[in-house]
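Structure first, then comments.
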Amino acid sequence: MTATDRSIELTRAAAQAAADKLAHDVIAYDVSDVLSITDTFLVASAPNDRQVKAIVDAIEETLLKELGAKPVRREGERDGRWVLLDYVDIVVHVQHSEERVFYALERLWKDCPEIELPEDAVATRGKGAEHAAAHAAAVGDEGGVH
């Protein structure tokens, strides 16, 4: 089995919406051969709760407006640390950067084929590490000896 054209279309649109809201490390996997409940997983992250929520809102708005898709389930919104959008054909995970590192979803799905995403989404790869390094340097500068 392989992901349907509709699943890929939804995944790519969601990835573009996430990239437009400055998501970090957007990646998608075709999980249809190992899971019977969905075709694809899209994973994206952001450095703060507010941005996680903005990314989720943008994905929902884009998929509804452009493709007429509404999630059948939305979990984790209150905390804004890990929001899951279940569209049946695709499942979108938008995680706070800390949760992304801790849970390492990519490690679970690394054997599944990666889905080709729009250029803007691919350009987000490595942004989480860049942000973490910049944040660490800023904190280090503040904690110096005066």
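The values are calculated or read from the model by the stated rules, or taken from the named source; none is laboratory data. Just so you know, these numbers come straight off a predicted model, no measurement behind them. Here Cβ is always computed from backbone atoms with ideal geometry, including for glycine, and neighbour counts include all displayed protein chains. The protein model used for the area step is the full one, side chains on, heavy atoms only, and it has no ligands, DNA or RNA in it. Shrake-Rupley method; radii C 1.70, N 1.55, O 1.52, S 1.80 Å.
Scanning the range 67-103 for residues that are part of a loop (DSSP other than H, G, I, E, B) and open to solvent by 20 Å² or more (accessible area, probe 1.4 Å) yields GLY68, LYS70, PRO71, VAL72, GLY76, GLU77, ARG78, ASP79, ARG81, VAL88, ASP89. Take the residues of the range 44-60 that are without any contact (Cβ under 8 Å) to a residue 60 or more places away in the chain and open to solvent by less than 20 Å² (accessible area, probe 1.4 Å): which is farthest from TYR87 (Cα to Cα)? The qualifying residue farthest from TYR87 (Cα to Cα) is ALA46. Within the range 1-23, the set of residues being outside any helix (DSSP H, G or I) and open to solvent by 20 Å² or more (accessible area, probe 1.4 Å) comprises MET1, THR2, THR4, LYS21, LEU22. Filtering the range 23-41 to residues that are over 12 Å from PRO118 (Cα atoms) and in contact (Cβ under 8 Å) with a residue 60 or more places away in the chain leaves ALA23, HIS24, ASP25, TYR29, ASP30, VAL31, ASP33, VAL34, THR40, PHE41.
Picking from residues in the range 24-39 that are charged (D, E, K, R) and assigned to a loop (DSSP other than H, G, I, E, B), the one that is least open to solvent (accessible area, probe 1.4 Å) is ASP39.
Checked against the criterion of being among the hydrophobic types (A, V, I, L, M, F, W, C), under 16 Å from HIS131 (Cβ atoms) and modelled with pLDDT under 95, the candidates VAL101, VAL34, VAL26, VAL94 yield just one match: VAL101.
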